[in-house]
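Chemist: Okay, handing you the structure first.
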Amino acid sequence: MTTPTAALVSFKQRHRAVGSRTIKAWYRNGSLMAGIIIVGMLVLVAVLAPILAPYDPIAQHLTNALESPSAAHWLGTDKFGRDVLSRLIWGAQVDLRVGFLAVLIPFVIGSVLGAIAGYFGGWLDTVLMRIVDIFFAFPFYVMVIVLVFVFGSGEASIYIAIAAVSWVSYARIVRGEVLIAKKQDYVVAARLGGMSHARILTKHIGPNVLSQAIIYAMSDIVMDIMAIVTLGYLGLGINPPTAEWGSMINDGQEFITTQWQQATIPGLVVVVTSLGLSLLGDGLSDLLSPERRK
Amino acid sequence: MMDAPVLRVAAITKSYHLQTSLASRLSRNENGHTSLRALDGVDLQLNKGEILALVGESGSGKSTLAKILVGGTTPTSGELEYHGEPMPAHRDKDASRRIQMVFQDPYSSLNPRISVGAMLKELLLLHKIVPRGEVRAESVRLLNLVGLEEDALQAYPSQFSGGQRQRIAIARALAVRPDILIADEPVSALDVSVQATILDLFASLQRELGLSILFVAHNLAVVQHLSQRVAVMYLGRIVEVAETSELFSNPRHPYTRALIDSIPRMTAESVNEEFVLEGEPPSPFNVPAGCRFNPRCPYAKDVCRATDPGLEPVAAGHQSACIRAAELPDHSIALSISATRKATA
């Protein structure tokens, strides 16, 4: 009979190796680094807009309208003589803020409802998931446009409209993950340990199910920025004269044959932002999946 | 001399109902089976300070019984007594603390995102086992008890091997100071080389802490040197209970004999292949009439197909659910006969 001490094992060495490997994984995770750089630069531009922008984004100079790019106006001016570059920089502030906030609200609502539905099951689950089905039956843009019409254009109604429509995705994702996690033995063990349902859901299941929702949120920000741009293009978005990429594309498209940069450059910025967020989401999904944490 | 039972179940049954669509229920004919009896009247008692092995094939209901004992599932009917008092269906924090479980799969039984130290700390504080200042010392004591060092505290489960994970799972079960441990096939997911060390750990826990342990296994060989008593389960029933040495030397149920004979041996007698079970265990949706073992039993007679035997005493502390228990040929003689037959052939 061997005593338990015969199996004593030291972890110090392995532990240190794991620590440095985690840091290396960050560097080696190309898409995560590219995403962080792109999104980080965009956030920096948005934050530093008052310093970076050469002109007031809403000051009109009708005498200088529709100028071609020059040393004074690198991207030219729009039909009201406003500097396109300055509007682009200030627009980053509006679009990124609305994009992130419009994701945060449904992320919280959807995750909480999905987790409760998945964990407790029963009639609560049935009712919640049928409501989710109803929301899913309507196309995203149709619902958003209708809701913005009802509440009137402006930032607040965009938040309400997007939150009302997109919480269902988070509810579905988190519910599915909770259904898997709650059957794991560690959840049974926590119950045997005398822990309450609230504690198990927040401390034991939560951290294991949220990574999928966080990854989805990254691509959802892209969706929401597209939605804001689309609403801006349709004249339902942020109220003019606030600088915003969607309304810039809308304004610029009239002059696409003579002043192509007015619509094209904001369009390219939207594409780059989406690319950055997608890369970030991709990289995060690699980093957050526990299978990779060896 | 019988020790006082710490845990006793009587006439426990557990049925599961198969969910069927309305259409299939309407078209179903008379002999359709939609209800499954995982446990069909189980009587068992766990004595203080003993290791009782519960052995049976997959699907015999041993895991279901383990789940009922720890309160993970409620039985369809039957009684569950803890120290002679009926256990409530919904256990409070303190009641669930007293009976802890070690799971089969050490990979899904530890939360991948909680470090070993945080896991133990949460339990110790929740049940106020020790004051906050002594949590670390107590955690280290628990780790040492299961053969791990202090530096495992800040590590995550993914940094450990299967055997080490099982040690952590045992430390977690012990953290809340239970007096009963239910181990659901705790070594069957481990490498053979590691199995022995974990079995030793269970033996030392029983010796040093006086724990009462129900050790579920699908293999008699695993528990031969560990348990004091063995209960054999077949298709939702206990078919034989005896002290380990008695069970191995004098099995009084044909199924137990089959289990014993299925243990690989490294001796000349291991060429004995006389008693090999044929066929799969019957579907629990469609339990055979009479003795539930009769379709696979070489000793089955007409009476076995007609009467469903209960668990009856055959010797002191030895019960068997076989009508022909007394008539069964002596096992060791059966062994030697087959050996001589092989030798003369």
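Chemist: Write down the radius of gyration of chain B and its Dmax, each obtained from C-alpha positions, in Å.
Modeler: 22.0, 74
Chemist: Here is a further query. Using helices alone, I'd like the mean residue ellipticity at 222 nm for the protein assembly as shown: each DSSP H run of four-plus residues gives -39500 (n - 2.57), total over residue count, nearest 500.
Modeler: -16000 deg cm²/dmol
Chemist: Please get the size of the charge dipole for the protein assembly as shown, origin at its Cα centre, with Cβ charges of +1 on Lys and Arg and -1 on Asp and Glu, quoted in debye to the nearest 20. Numbers along the way, then the final one.
Modeler: Working: 56 positive and 56 negative charges, 146 e Å.
Dipole about the Cα centre, nearest 20: 700 debye.
Chemist: Same structure, new question: Between A:Phe100 and B:Asn219, what is the label-to-label distance in nm when each label sits 7 Å out along the Cα-to-Cβ direction?
Modeler: 5.6
Chemist: On to the next question. Test of understanding: what is the full-extension gain from B:His83 to B:His17, defined as 0.36 nm times their sequence separation minus their Cα-Cα distance?
Modeler: That works out to 20.6 nm of additional length.
Chemist: If we count other beta carbons within 10 Å of each Cβ, what is the order of B:His83, B:His253, fewest first?
Modeler: Fewest to most other Cβ atoms nearby, the residues stand as B:His83, B:His253.
Chemist: Report the FRET efficiency, 1/(1 + (r/R0)^6), for A:Asn239 and B:Asp92, where r is their Cβ-Cβ distance and R0 is 45 Å, rounded to 0.05. If you can, show how the numbers build up before the last one.
Modeler: On the way: r = 58 Å, r/R0 = 1.28.
It comes to 0.20.
Chemist: Now a separate question. What's the average, rounded to a whole number, of partner chain beta-carbon atoms within 10 Å of each residue's beta-carbon in B:193-201?
Modeler: Average per residue, whole number: 2.
Chemist: Can you count the Lys pairs in chain A whose Cα atoms are under 17 Å apart, with each pair 8 or more apart or on different chains?
Modeler: 4
Chemist: Scan chain B and report its longest stretch carrying no trypsin sites (Lys or Arg not before Pro) that are both in a DSSP loop and have at most 14 other Cβ atoms within 10 Å.
Modeler: B:129-264
Chemist: Which aspartates and glutamates, if any, have their Cα less than 20 Å from the Cα of B:Lys128, not counting same-chain residues under 8 positions apart?
Modeler: B:Asp92, B:Asp94, B:Glu138, B:Asp179
Chemist: Working out 0.36 nm times the residue gap between A:Glu254 and A:Val43, then minus their Cα-Cα distance, what length gain in nm do you get to one decimal?
Modeler: Extending this stretch completely gives an extra 73.0 nm.
Chemist: Something else now. Nearest 0.05, what FRET efficiency do A:Phe120 and B:Arg305 give at R0 = 60 Å with Cβ-Cβ as r?
Modeler: FRET efficiency, A:Phe120 to B:Arg305: 0.80.
Chemist: Counting only other chains, what is the mean number of Cβ atoms within 10 angstrom of the Cβ of each residue in peptide A:187-200?
Modeler: Rounded to a whole number, the mean comes out at 6.
Chemist: Still on this structure: Under 17 Å from a label point 7 Å along Cα→Cβ of B:Ala196: give me every residue in the range B:214-228 with its amide N that close.
Modeler: B:221-227
Chemist: Follow-up. If r is the Cβ-Cβ distance from A:Arg130 to B:Asp330 and R0 is 56 Å, what FRET efficiency results, to the nearest 0.05?
Modeler: Result of the calculation: an efficiency of 0.30.
Chemist: For the residue pair B:Arg177 and B:Glu138, what label-to-label distance in nm results when each label sits 7 Å from Cα along the Cα-to-beta-carbon direction?
Modeler: 0.8
Chemist: Sticking with this one: Please rank B:Glu312, B:Glu240, fewest neighbouring Cβ atoms within 10 Å first, as an exposure proxy.
Modeler: B:Glu312, B:Glu240
Chemist: Take peptide B:90-99, look around each residue's Cβ out to 10 angstrom, count Cβ atoms belonging to other protein chains, and average those counts.
Modeler: Whole-number average of other-chain Cβ neighbours for B:90-99 is 2.
Chemist: To test your reading of the geometry: what angle, between 0 and 90 degrees and rounded to tens, separates the Cα axis of helix A:155-181 from the longest principal axis of chain A?
Modeler: 20
Chemist: If we count every other residue with Cβ under 9 angstrom of A:Ala243's Cβ, Lys/Arg +1 and Asp/Glu -1, where does the sum land? All intermediate terms of the calculation are to be shown ahead of the outcome.
Modeler: Details: positive: A:Arg82, A:Arg87; negative: A:Glu244.
Net charge around A:Ala243: +1.
Chemist: All other residues with a Cβ under 13 Å from the Cβ of A:Leu201 taken together, and with Lys, Arg as +1 and Asp, Glu as -1, what is their net charge?
Modeler: +4
Chemist: Also, I was wondering about something else. Would you mind counting up the charge near A:Ala102? Only other residues with Cβ under 14 Å from its Cβ, with Lys and Arg at +1 and Asp and Glu at -1.
Modeler: Details: positive: A:Arg97; negative: A:Asp95, A:Glu155, A:Asp220, A:Asp224, A:Glu244.
My count for the surroundings of A:Ala102 gives -4.
Here, each number is a calculation from the coordinates, and none is a lab measurement. This is a predicted model, so every value here is computed, not measured. When we count neighbours, we look across all protein chains shown, and the Cβ atoms used for this are built from the backbone with ideal geometry, even at glycine.
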